[in-house]
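One structure is given here, and the rest of the page talks about it.
The values are calculated or read from the model by the stated rules, or taken from the named source; none is laboratory data. Predicted, not measured: the structure shown is a model, and the values here were computed from it. All Cβ positions, even for glycine, are placed from backbone atoms using ideal geometry, and neighbour counts span all protein chains on display.
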Amino acid sequence: MLDLVDEQGQVTVGDLVKRFSTSAVTIRSDLDALAALGAVLRSHGGAVRNLEANQDYSLRTKEALHHEEKTRIGRAAAELIQPGETVILDSGTTTAEIARYLKRIKTPSVTVITNALNIAVELADLPGFSLIMIGGLLRPVACSFVGPQAVAMLNEFHADRLFLGVDGFDLENGPSTPDVLEAQLNNVMIRSAREVNVVADFSKLGRRSVSKIASLDRIHRLITDKRATPEFIEALRKKSIEVIAV
């Protein structure tokens, strides 16, 4: 199993059942045991190799990780958005959950600005919404647009709220991401928004990726899950950053 995870990056319970001719119960038990040892990361329906904070991973890989936590975070974030507001949704799997929940509750007269193709597709047919798509250089791994064209376009807008997905969020460096162009665009998003919300599950907290997005004092709120450590939450609150753990 470990060889397959290392080779393919991601495996599913169904594939392993077929390959080893055993039951799904046995496969799930084995994957749980490997995850407990820190050899793999358990995902929705399977497992993936341990992720490095400094490396970019596909949306498909990220979507399988901590799915239930991201769904709860997405719901809590979407419920903050008020009728008539303009919001920026950064690219990522957690911000995609915000878009999905927005689509369900149909908050009226909301304008969404995004650089993410998957989010634009999610919201494209939603009545009563205004959607602004930021263009530029496509990052296929993230299905997002970055680069000087994206920065120039985003500089023309102002938003009530930003929901920022990150790969790392620590108490010294603040939010960070593996891609320098993504970090530059994220920094412009922060400057364009009245309120900055980082949306990140517990696995991102205390980690640092290669490209710093902005200093910690630019963040107003962290929306995370209940597996975040009390020490991390308390440290942020002491810095006057609100924390919502769901």
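Data for the structure
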| item | result |
| --- | --- |
| Failed condition for Ile105, given (1) over 21 Å from Asp225 (Cβ atoms); (2) touching a residue at least 24 places away in the same chain (Cβ under 8 Å) | (1) |
| Only one of Ser91, Ser23 that is touching a helix residue (DSSP H, G or I) at 6+ places or on another chain (Cβ under 8 Å), at pLDDT 90 or above and not assigned by TED's automatic domain parsing to the domain that holds Thr111 | Ser23 |
| Of the criteria (1) of a type in the set (Phe, Trp, Tyr); (2) closer than 12 Å to Ile73 by Cβ; (3) out of contact with any Asp or Glu (no Cβ under 9 Å at 6 or more places or on another chain), which one Phe163 fails | (3) |
| Filtered residue count, the range 124-168, keeping only those that are of a type in the set (Val, Ile, Thr), touching a Phe, Trp or Tyr at 6+ places or on another chain (Cβ under 8 Å) and under 17 Å from Ala183 (Cβ atoms) | 2 |
| Subset of the range 202-234 [modelled with pLDDT of 95 or more and either of a type in the set (D, E, K, R) or assigned to a helix (DSSP H, G or I) (or both)] | Lys212, Leu216, Asp217, Arg218, Arg221, Asp225, Lys226, Pro230, Glu231, Phe232, Ile233, Glu234 |
| Selection from the range 167-192 of residues that are in contact (Cβ under 8 Å) with a residue 60 or more places away in the chain and not in a helix (DSSP H, G or I) | Asp167, Gly168, Leu171, Ser176, Pro178, Asp179 |
| Selected residue (criterion: farthest from Thr95 (Cα to Cα)) from residues of the range 198-246 that are among the polar types (S, T, N, Q) and surrounded by 22 or more Cβ atoms within 10 Å (Cβ to Cβ) | Ser209 |
| Subset of the range 189-220 (residues that are under 17 Å from the mean Cα position of the chain (by Cα) and over 17 Å from Ala77 (Cβ atoms)) | Ser203, Gly206, Arg207, Arg208, Ser209, Val210, Ser211, Lys212, Ile213, Ala214 |
| Single residue of Ile134, Ile190 found to be closer than 30 Å to Ala235 by Cβ and either buried (at least 16 other Cβ atoms within 10 Å of the Cβ) or not acidic (Asp, Glu) (or both) | Ile190 |
